[in-house]
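Heads up, the thing below is written out as structure tokens.
The values are calculated or read from the model by the stated rules, or taken from the named source; none is laboratory data. Note that the structure is a prediction, hence the values are computed from the model and not measured. Cβ coordinates were reconstructed from backbone atoms using ideal geometry, including for glycine residues, and neighbour counts include every protein chain displayed.
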Amino acid sequence: MISEEKQIMFKNRLTKVFRHLSKTARKQNVGCYRIYDHDLPEFPLIIDIYEDKTYVSEYKRKHGLEEEAHLYWLKTSVKTISEVTGIDEKNIFTKLRQRKAGRSGQYRKEDFSKNEFIITENGLKFIVNLSDYLDTGLFLDHRITRKMIMGEGDGKKVLNLFAYTGAFSVYAAAGSAKSVTTVDLSNTYINWAKRNFVLNGFVDEKKYRFVVADVMSFLKTVEKSSYDIIIMDPPTFSNSKKMEGILDIQRDHLELINDCMNILSPEGVLFFSTNFTKFEIDSSKINAGSIIDITKATTPFDFEGKLKRWCYKITEF
């Protein structure tokens with residue numbers, strides 16, 4: 001059982017960070033942001049604000065608690081979160097965060113109660129689901145990166161790979177991209193991306209293309225110099241039955257990046273990111289003139305000091 005003293009420590013910590021981060025969020029007009037990520041060892045939680053709702057995911061670990069004691073701990077934690085944030089407990093959604101082999105471990109369906117709603121980010125709308133999947137439909141840590149894509153997309157041909165629910169694609173369309181191609185292996189997420197496009201009024205089928213495909217195979221079919229901007233945010237590992245072979249991002253990043261460079265226009269840009277914390281980019285074997293680590297530049301205020309991903313801007317020139 002977690003002691004009352006530890007619960008008070010958790011409440012004090014959460015109050016302090018929420019007061020600071022919510023103030024910054026209001027100043028920056030940000031409605032969805034992270035307020036806590038395993039700050040205290042006895043409370044291995046991620047807590048994200050989604051406007052008037054909260055998403056709480058618990059890291060899987062050996063806590064040594066009996067089921068009833070664990071349930072009481074989680075219930076008490078949720079009550080504390082509600083008291084600190086002012087968000088009703090019925091609008092706080094909890095998940096157990098555990099990785100299983102392959103992409104399904106990251107995106108597996110959790111239950112079937114389906115609770116979709118729409119949030120706004122930088123004037124754009126996105127469908128978010130806090131109950132049916134482990135991930136919600138919008139990765140909060142790429143908020144700045146998405147805005148960069150919007151700023152650089154004017155008149156460009158954009159390709160979004162491992163696109164998930166197509167948030168980068170929506171930003172590209174909002175930035176007046178000449179065309180946007182969205183590629184993901186999952187029918188579910190491609191359909192989700194289509195709905196995000198419709199939600200934002202982007203319905204031109206000639207400009208906006210959606211492809212269900214294994215990215216590694218797809219890249220081999222694209223002609224040289226087809227795109228001006230490519231966004232690629234692959235999973236760390238995938239062994240989906242839909243794809244050929246197994247994807248291991250440390251092993252396969254050279255092939256993926258070089259295949260992207262092959263289809264970029266001469267002045268094109270590849271934005272490559274990965275959540276593999278131990279990732280090491282093999283710059284010497286990448287066919288590029290410039291590889292810039294933009295991880296720090298794309299780190300939002302609510303992820304400072306705790307970002308668990310890398311991000312690079314790669315060009316031929």
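Looking only at region 275-307, count how many residues are in a loop (DSSP other than H, G, I, E, B), crowded, with 17+ Cβ neighbours inside 10 Å and not polar (S, T, N, Q). Walk me through it before giving the result.
Going residue by residue through region 275-307, those that are in a loop (DSSP other than H, G, I, E, B) are 275-282, 286-289, 294-300, 304-307.
With the extra rule that they be crowded, with 17+ Cβ neighbours inside 10 Å, the set shrinks to 275-276, 281, 286, 288, 294, 298-300, 307.
The next check asks that each one be not polar (S, T, N, Q); those that pass are 276, 281, 286, 288, 294, 300, 307.
Residues in region 275-307 being in a loop (DSSP other than H, G, I, E, B), crowded, with 17+ Cβ neighbours inside 10 Å and not polar (S, T, N, Q): 7 in total.
Determine which member of the set Y164, Y171 is crowded, with 16+ Cβ neighbours inside 10 Å, touching a residue at least 24 places away in the same chain (Cβ under 8 Å), assigned to a helix (DSSP H, G or I) and under 15 Å from the mean Cα position of the chain (by Cα).
Values: Y164 fails: assigned to a helix (DSSP H, G or I).
Exactly one of Y164, Y171 is crowded, with 16+ Cβ neighbours inside 10 Å, touching a residue at least 24 places away in the same chain (Cβ under 8 Å), assigned to a helix (DSSP H, G or I) and under 15 Å from the mean Cα position of the chain (by Cα), namely Y171.
Just checking, which of D141, D228, D154 is within 13 Å of the chain's Cα centre (by Cα) and either touching a residue at least 40 places away in the same chain (Cβ under 8 Å) or outside any strand (DSSP E or B) (or both)?
On the way: D228 fails: within 13 Å of the chain's Cα centre (by Cα); D154 fails: within 13 Å of the chain's Cα centre (by Cα).
D141 is the lone residue from the list that is within 13 Å of the chain's Cα centre (by Cα) and either touching a residue at least 40 places away in the same chain (Cβ under 8 Å) or outside any strand (DSSP E or B) (or both).
Of these, D204, D248, which one is charged (D, E, K, R), surrounded by fewer than 16 Cβ atoms within 10 Å (Cβ to Cβ) and within 19 Å of the chain's Cα centre (by Cα)?
On the way: D204 fails: within 19 Å of the chain's Cα centre (by Cα).
Going through D204, D248 in turn, just one is charged (D, E, K, R), surrounded by fewer than 16 Cβ atoms within 10 Å (Cβ to Cβ) and within 19 Å of the chain's Cα centre (by Cα): D248.
Please state which one of N191, N196 is crowded, with 19+ Cβ neighbours inside 10 Å and not in a strand (DSSP E or B). It would help to see each step written out before you state the result.
Numbers: N191 fails: crowded, with 19+ Cβ neighbours inside 10 Å.
Result of the check over N191, N196: N196.
Taking the stated definitions as given, is K242 among the basic types (K, R) and in contact with a strand residue (DSSP E or B) (Cβ under 7 Å, 6 or more places away or on another chain)? Even if it seems obvious, please write down each step before you answer.
Numbers: among the basic types (K, R): yes; in contact with a strand residue (DSSP E or B) (Cβ under 7 Å, 6 or more places away or on another chain): no.
When the stated conditions are applied, K242 does not pass them.
Quickly run through region 226-245 and pick out the residues that are small (G, A, S) and crowded, with 21+ Cβ neighbours inside 10 Å.
Start the filter on region 226-245 by keeping residues that are small (G, A, S), which leaves 226, 238, 240, 245.
Once the filter is applied, which keeps residues that are small (G, A, S) and crowded, with 21+ Cβ neighbours inside 10 Å, region 226-245 yields only S238.
How many residues are part of a helix (DSSP H, G or I) and polar (S, T, N, Q) if we restrict to region 238-274? Full working, then the answer.
First, pick out the residues of region 238-274 that are part of a helix (DSSP H, G or I): 249-263.
Narrowing further to those that are polar (S, T, N, Q): 250, 258, 262.
Summing the residues that are part of a helix (DSSP H, G or I) and polar (S, T, N, Q) in region 238-274 gives 3.
Restrict the check to region 107-128 and report whether at least one residue is among the polar types (S, T, N, Q), outside any helix (DSSP H, G or I) and modelled with pLDDT of 95 or more. Can you show your working first?
So the first thing to find is which residues in region 107-128 are among the polar types (S, T, N, Q), and the list is 113, 115, 120, 122.
Right, trim to outside any helix (DSSP H, G or I) and you get 113, 115, 120, 122.
After this cut, where a residue has to be modelled with pLDDT of 95 or more as well, the list is 120, 122.
Yes, the conditions are met somewhere in region 107-128.
For T54, state whether it is of a type in the set (S, T, Y), at pLDDT 95 or above and surrounded by fewer than 17 Cβ atoms within 10 Å (Cβ to Cβ). Quick ask: steps written out before the conclusion?
Details: of a type in the set (S, T, Y): yes; at pLDDT 95 or above: yes; surrounded by fewer than 17 Cβ atoms within 10 Å (Cβ to Cβ): no.
No; evaluated as a whole, the condition is false for this residue.
Exactly one condition in (1) under 20 Å from the mean Cα position of the chain (by Cα); (2) within 18 Å of T165 (Cβ to Cβ); (3) modelled with pLDDT under 95 is false for K242; which is it?
Here K242 clears every test but (1).
Here are the criteria: (1) modelled with pLDDT of 95 or more; (2) over 15 Å from F126 (Cβ atoms); (3) buried (at least 21 other Cβ atoms within 10 Å of the Cβ). Tell me which single one I149 does not satisfy.
Going through the list (1) modelled with pLDDT of 95 or more; (2) over 15 Å from F126 (Cβ atoms); (3) buried (at least 21 other Cβ atoms within 10 Å of the Cβ), I149 breaks only (2).
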